[in-house]
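One structure below.
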Amino acid sequence: QAKELGGNRTVFYNAEDTNRMNRRIAIEMGLRPALFLRQFHLSYQPIYRLSDGRLRGFEALIRWQHPELGLISPHEFIPIAEYNGLIIPIGEWVLREACKMLAGMTEYGLSGLTMSVNISPVQMQDPSFVQTVWNIIHEFGLSRQSVELDITEHIMMHSSEQSIMAITQLRAGGIRIALDGFGAGFSSLHHLMELPVHCLKLDKSFIRRIDLQSAERHVVEAIIGLMRKLGLEVVAEGVEYKEQYELLKEWGCHYVQGYLLGMPMDPTVIDTSMLGSFVDANGKKAAAGRV
Ligand code: C2E
């Protein structure tokens, strides 16, 4: 095809590029009505406390069931929603839905749990964000300490006055702030010190190799020690093996999250398990050898 065009011309597109472009257009077009058409739902992944093996809470993770493209990963559509600004209404829906779920769980007797919600840097730049958080928490009668907002280090990279102010206000108001994906990108200790976070979430790419004689093993152990000295809590993400769980416990990591302990789950599953004492059922499963 390039030859037909003659000379040294390069053709920059092919069938694959065209497909990619069409998919992106379909996602962009589909995102706008998706909220109204109720195509989003949340999955909830459990987070466990290492000191006693009990449930600490859940992380809410958004899912999009597209009518033609099927289930689309947040990795694919969140950046597009951030680009076109739709992350603001979508993010508000996520926060409201997750808080509603937490209130429902409390009503069923699963009290004292936390709900973690991912917040995009674009939401943080919205001047009404802090008020939206207070309104939603108030709407469901939740305690501020039960809600954790997971921010990414991108907030540090593009930290505007607005986002720093928002985080500071939220933290001062009692909300828990966690720095998500620590170790995966450009995070630096300097950035970490700049923000009033109470918790650090170690990225799964870091956890993957800690059960081998790897550099990550020493780095993760050292980070946990350092964070404890600084009075920060640590959550290890992507825990898939028993050996990883045990090492993290030995090193004094506070919380763990990963397929070993529980996949992201549909709220209906949590409801059913709740009736049969969800916390105890998981505790027994853990004792029976999964961890
Ligand atoms: P994240 O916040 O780091 O969430 C953890 C991701 O790791 C989730 O992917 C989860 O399904 C996956 N995961 C959990 N345990 C394991 C494990 O043991 N092994 C492996 N390999 N993976 C595990 P998911 O749900 O596809 O979400 C991807 C990312 O999309 C999230 O990463 C978060 O950055 C973003 N995201 C998800 N929901 C939201 C949302 O409501 N708002 C915003 N702004 N971002 C969201």
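Some observations on this one:
- Per-atom-type breakdown for region 201-276 gives carbon and sulfur 53% of the accessible area (1.4 Å probe, protein chains only).
- A Förster radius of 25 Å, combined with the Cβ-Cβ distance separating residue 144 from residue 168, puts the computed FRET efficiency at roughly 0.95.
- Of all accessible heavy-atom area on region 133-176, the percent that carbon and sulfur account for (1.4 Å): 52 percent
- Solvent exposure of residue 66, expressed as accessible area, is near 10 Å², computed with a probe of 1.4 Å over the protein chains only.
- For region 80-225, the solvent-accessible area works out to 44 Å² per residue, with a probe of 1.4 Å and every protein chain left in place.
- Environment charge at residue 141 (Cβ cut-off 14 Å; Lys +1, Arg +1, Asp -1, Glu -1): +1
- Semi-axes of the equivalent ellipsoid of the chain are 33, 25, 22 Å, computed as sqrt(5λ) over the eigenvalues of the C-alpha gyration tensor in descending order.
- Of the GluC sites (Glu not before Pro) in region 62-132, those whose Cβ has at most 14 other Cβ within 10 Å and which sit in DSSP loop: 68
- Per DSSP, loop trypsin sites (Lys or Arg not before Pro) in region 166-226 with at most 16 further Cβ within 10 Å: 208, 209
- DSSP bridge orientation in the chain - percent antiparallel, rounded to nearest 5: 40 percent
- Restricting the chymotrypsin sites (Phe, Trp or Tyr not before Pro) of region 162-260 to loop positions (DSSP other than H, G, I, E, B) with no more than 11 neighbouring Cβ atoms within 10 Å leaves 186.
The values are calculated or read from the model by the stated rules, or taken from the named source; none is laboratory data. Since the structure is predicted, the reported quantities are computational estimates derived from the model, not experimental observations. Cβ coordinates were reconstructed from backbone atoms using ideal geometry, including for glycine residues, and neighbour counts include every protein chain displayed. SASA here: full protein model, heavy atoms, side chains in, ligands and nucleic acids out. Shrake-Rupley method; radii C 1.70, N 1.55, O 1.52, S 1.80 Å.
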